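Working notes, beginning with the structure itself.
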């Protein structure tokens with residue numbers, strides 16, 4: 001997983017937490033409007049997430065926690 005500083009790209013996060021099985025699936029979920037970041041529709045797969053952001057796909061919401069991740 002590629003963590004840059006204290007951020008991770010949205011599509012990478014979706015794969016990391018199992019909300020998407022592949023990068024292609026993550027891209028489609030984002031482009032088709034199924035992903036919310038902090039309650040707001042997000043259509044940029046390169047959106048930089050930081051610890052504390054909340055990502056929602058369908059009924060599942062996951063809070064970003066990057067403090068213990070080594071790049």
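Just so you know, all these numbers are worked out from the coordinates, no wet-lab data involved. All values reported here derive from a predicted model rather than from experimental measurement. Glycine also receives a Cβ, built like all others from the backbone with ideal geometry; neighbour counts cover every protein chain displayed.
Details
- In the condition set (1) surrounded by 15 or more Cβ atoms within 10 Å (Cβ to Cβ); (2) within 9 Å of the chain's Cα centre (by Cα), residue 54 is compliant with all but (1).
- Condition met for residue 33 (touching a strand residue (DSSP E or B) at 6+ places or on another chain (Cβ under 9 Å), in contact (Cβ under 8 Å) with a residue 24 or more places away in the chain and part of a loop (DSSP other than H, G, I, E, B)): no
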